[in-house]
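Okay, so here's the structure we're looking at.
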Number of protein chains: 2
Amino acid sequence: MSLPKKELFDIPADVIYLDGNSLGPLPKGASTRAGEVIEKEWGRELIRAWNTADWIALPKRVGDRIARLIGAPEGSVATGDTLSIKVYQALAAAFKMRPERRVILSDRGNFPTDLYMAQGLMSTVDKGYELRTPAPEDVMDHISEDVAAVMLTHVDYRSGRLHDMKEVTERAHAVGAVMIWDLAHSAGAVPLDLSGSKAEFAVGCTYKYLNGGPGAPAFIYARPDLIESVEPALAGWMGHEAPFAMEPDYRPAMSTERLRVGTPPVVQLSILDAALDAWNDVDMSDIRKASLDLSECFIAEVERRCPVLKLASPREGELRGSQVSFAFEHGYAAMQALIDRGVIGDFRAPDIMRFGFTPLYLDEEDVIAAAKILEKVIAGELWRDPKYQTKSRVT
Amino acid sequence: MSLPKKELFDIPADVIYLDGNSLGPLPKGASTRAGEVIEKEWGRELIRAWNTADWIALPKRVGDRIARLIGAPEGSVATGDTLSIKVYQALAAAFKMRPERRVILSDRGNFPTDLYMAQGLMSTVDKGYELRTPAPEDVMDHISEDVAAVMLTHVDYRSGRLHDMKEVTERAHAVGAVMIWDLAHSAGAVPLDLSGSKAEFAVGCTYKYLNGGPGAPAFIYARPDLIESVEPALAGWMGHEAPFAMEPDYRPAMSTERLRVGTPPVVQLSILDAALDAWNDVDMSDIRKASLDLSECFIAEVERRCPVLKLASPREGELRGSQVSFAFEHGYAAMQALIDRGVIGDFRAPDIMRFGFTPLYLDEEDVIAAAKILEKVIAGELWRDPKYQTKSRVT
C-alpha cells in the first residue's frame, strides 16, 4: 500500500480538504455503487432485492468491514441508525448490567449529542441517575465505585486529545463500571485495539474518516462474550432472532444483530460499503504514521506563519487523534475566509479552528499549501471582511 | 390530475407490481436526484453543502410535504430514523404525559416491531408497565381508564383492516389516554385527517406507498398544541434548540424538530424528497377511489378464478386500506410461483398472500392480468414445484 490514494476520491481540484474529520469526501466508487443499488437493485428487483441482492445481510457485511478497522472480531459490530441512537443503546444496556448504580461518568469535552442522549435516557428511566462531566484530563480521578458506565469519546472533537483507551478501560473495570467508547473521531483515524481494551461497548459514525457520506449509518460494537446478556432497549424487529416469523414477543437475536433496530438504510449502507473499499489494503499503523507526519508539518508551518493562532491540541502526537485545532478569537470569520480560498476546515464554538488530516487523500504538499493560504488570511486580516461575520446555520 | 402516472415510475416491463405496500417502486426522478446529491452536493460542495445545499433544513422540508398527505399542518412532522425509533419516541413521550398510568393498549394485529419497541421501552423504564393486545376488532372495548397510551397501526399489515381513526381516538381521549397512530400502511394509501382526529402522535414509514426507497427515513407527527410539552426520550443534538452552539445540556427545539435525533440521512432523505414529487398534484380522495376500484376488481376476479383462496381482508371497501389479502395454506409457495411469473405481491406468516393496490402506477388492466396469472398458478398447482418450497431469508 502507498499513501495517499488520491485517485480513489473525487475531490474538486480547487480544494484542499482538511475537514474529513467532519464529512469525508466522495469516494469514486460510492457514486457508481449508489447508481447500481438504485437503478438495478431497487429499480429492477424491487422487493425481491432483499433476497436477490442480499440487502438483508448488508448491515452485517458492512459491520464486519468496520470491525477490522477498529480492532474488533468479525460478527461483533452492528450497523444502522445514527451515532446518537447507538449511544443510547449502549448506555441503556449498561444500566441493565449495573442495576444498583446510578452514575454515568463522561467528560465535558464529549460531543454534546452523547451527553444529551444520556440526559434523555436518564429522564426516561427516571430513577435518579446522575451525569458527571469533569474536565477530560481529570476523568481518571472520577472513575469511582458508584459509576455504572464510563462513556467517553476517544478523541476529543474540539482539541483532538486522545484518551488512553486501555488505561481508562482498566480503571473502569477495576471499579466495576461498564466502559463505552465513542469512536466518532477514531475509526479510520487511529489504530484501535478494541478487543484488547476489553471495553464492553463502542459506538461510532462512518461519515467522517470512513467517508460514508452525509448521514451515513452508525455502528455499535459489543464485546462478544457478553452479547447474549445484553438487553436491547431499542427492541426492533431487525434485532429479533426471527424477524419474518412475525412473533408477538421480542426475542433478541443470539448475536450482535440484536443491536439492530428497524429496516436498514440500504442506499446509504451500500454507499458506505463502497467507501470502505478504499481501506481494503490499508494498515492502520501506516495511516497513523502518515497522519502524525502531516499534523506535525501543519503545526510547525502554522506556528511559524500565524503566531496569533494558539495550538489547542496536545503538542505530542501520541496524545492526539488525527486532527489539529487552533484557538483564535476571530476563528469563525477566519475559517470562512479560508474556506472561500479553497482550504476547507471547520469551526467549533467558541473559538476553535479545526483541521483534519486524512492520509488517504492528503499529502505534505497539500498541508504546506494550506498553511500558506491560512497565513494570507491571518496576516492580511482578510477575515475582517464583513461577509465573513454572519454565521450560517451550520458552523 | 389523471391516474395512473406510470410515466413517473421505472417499473420493469415484465412485472405487475402489487407490492407497493411493502417497498414502493423507483420513481424516475429519485435516481437523478440521488446522483446530484452524491456527485454535486457531496462531491463538489463537501461539508459546505450543509449550508449551500441546505441539507440542514432537508428533514423539515420533507416533513412538510408528508404533512400535506396525512392531513397535518406544516411544521408538525419531523423526519429521520426508522419507524421503530419513531414508535419508541412517541410511546416514551406518552409515558411522560400520563405518569400515573401503566398500560399500553395495542392489538395483536399490530406490526411486530411496534410491539417489540413497546416491550423494549417497558423493560428500560422498568416500572411495571403492561402491554395489552386484544384482537383488532375488540380494541374499543379495551380502552379503559388505566390506559396511558393507545398505540395502533391504522391499517392492519396482514388483513388490510382499517381502524376508525376518529372513533378510536375519541374513545382514547374520553378515558384520558394518549393516542398514537402508526400510519405505515396509510400514508399515501388512504385519505387521512390527523388534525381532525386530534390524536397526539402519529408515526410512519416512507418506503411503502410514498416510494422513498429501501430503508427510507421515517416520520413522526406531534399535535402542534402540545409539542412544547413533549419530553424527548431520544434527546439528540439535531433536536436541540441550538445544535451548533454545542451547549453541555439538552434544550429541546421549540418545534416538532425536537423529535429529530441525530445527523439526518441526507442521501435517502433526498431520494424521498424526489419521490414525493409524484404527489404534487394528487388528491388523496382520488387515490382512494381508484384504489377501491382496483381492489374490488381484484377481489371479484380472484374469487371467481381461484375459489380455494379465502379473502382475509374486510369485504367492504370502507373497512379496508389499500391492500387485499387472501389466506391460502400453501400461500408461501404460491406467492413464489406467482413472483416467478412477474406478478409481485408478498407473503406474511402464517398463510397470507398480500397484494397492494397503488393507483399511482397500476390500472385495471394490470389487475386483471395479475388475477389471470394467479389463476394459472393456483388452478395448475404450479406452486407444488419443489423450488418454491424453500423459504428465503426474507419472506
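Before moving on, here are some points about what is shown:
- Other-copy label distances relative to residue B:196, 7 angstrom Cα-Cβ extension, nm: 6.6
- A Förster distance of 41 Å, applied to the separation of the beta-carbon atoms of residue B:247 and residue B:226, puts the FRET efficiency at 0.95.
- ³J(HN,Hα) computed for each position of the stretch B:221-234 - Karplus, 6.51 cos²θ - 1.76 cosθ + 1.60, integer Hz, glycine/proline x: 10, 10, 4, x, 5, 10, 4, 6, 9, 6, 9, x, 6, 9
- Placing pseudo-labels 7 Å out from each Cα toward the beta carbon at residue B:127 and residue A:379 gives an inter-label distance of 6.4 nm.
- Counting only other chain Cβ atoms within 10 Å of each residue's Cβ, the peptide B:256-266 averages 5.
- Close amide-amide hydrogen proximity is noted between residue A:320 and A:162, each under 5 Å apart and 5 or more residues distant or on a separate chain (H modeled in the peptide plane; Pro and chain starts excluded).
- Among B:270-276, B:167-173, A:57-63, B:124-130, the peptide with the highest mean count of other Cβ atoms within 10 Å heads the list, and the full ranking is B:270-276, A:57-63, B:167-173, B:124-130.
- Length added when fully stretched, residue A:318-residue A:100, from 0.36 nm per residue minus Cα-Cα: 74.8 nm
- Sorted from closest to farthest, the other copies place their residue A:241 label points 4.7 nm away, with each point set 7 Å from Cα along Cα→Cβ.
- Cα-based shape type of chain B, given that a ≥ b ≥ c are square roots of the gyration tensor eigenvalues and the cut on a/c is 1.5: oblate
- Copies compared at residue B:138 - label distances in nm, ascending, label defined 7 Å from Cα in the Cβ direction: 5.9
- Virtual paramagnetic centre 7 Å along Cα→Cβ of residue B:193, amide N under 13 Å, in the stretch B:128-169: B:165-167
- Protection-proxy order for peptides B:6-15, B:322-331, each taking the mean of Cβ atoms within 10 Å per residue, highest first: B:322-331, B:6-15
- Only DSSP H runs of four or more residues enter the estimate; each adds -39500 (n - 2.57), and after division by the residues of chain B the mean residue ellipticity at 222 nm equals -10000 deg cm²/dmol.
- Label-to-label distance, nm, for residues given as residue B:167 and residue B:310 (7 Å Cα→Cβ offset): 2.5 nm
- The protein assembly as shown shape via C-alpha gyration tensor axes, a/c threshold 1.5: prolate
- The stretch A:352-382 residues near the modelled residue A:391 label - backbone nitrogen below 20 Å, point 7 Å along Cα→Cβ: A:352-355
- The lysines within cross-link reach of residue B:166, meaning a Cα-to-Cα straight distance under 26 Å and a gap of 8 or more places when in the same chain, are B:86, B:96, B:198, B:208, B:289.
- Ranked by how many other Cβ atoms sit within 10 Å of their own Cβ, fewest first, the residues B:366, B:141 fall in the order B:141, B:366.
- Partner chain coverage, peptide A:92-104 - average Cβ within 10 angstrom: 1
- Within a straight-line Cα-Cα reach of under 20 Å, residue B:376 can be paired with the following lysines, leaving aside sequence neighbours fewer than 8 residues apart in one chain: B:310, B:387.
- For the segment A:240-249, counting C-beta atoms of other chains within 10 Å of every residue's C-beta and taking the mean gives 5.
- Among the helices of chain A, those built from whole DSSP H runs whose Cα atoms reach 18 Å or more along their own axis and whose mean Kyte-Doolittle hydropathy is at least -0.5 are A:83-97, A:112-125, A:284-305, A:364-379.
- Efficiency of FRET between residue A:141 and residue A:57 - r from beta-carbon atoms, R0 41 angstrom, step 0.05: 0.35
Taken together, the values in this text are just the output of simple stated rules run on the coordinates, not laboratory data. All values derive from a computational prediction rather than experimental measurement. Positions of Cβ are backbone-derived with ideal geometry, glycine not excepted, and every protein chain shown enters the neighbour counts.
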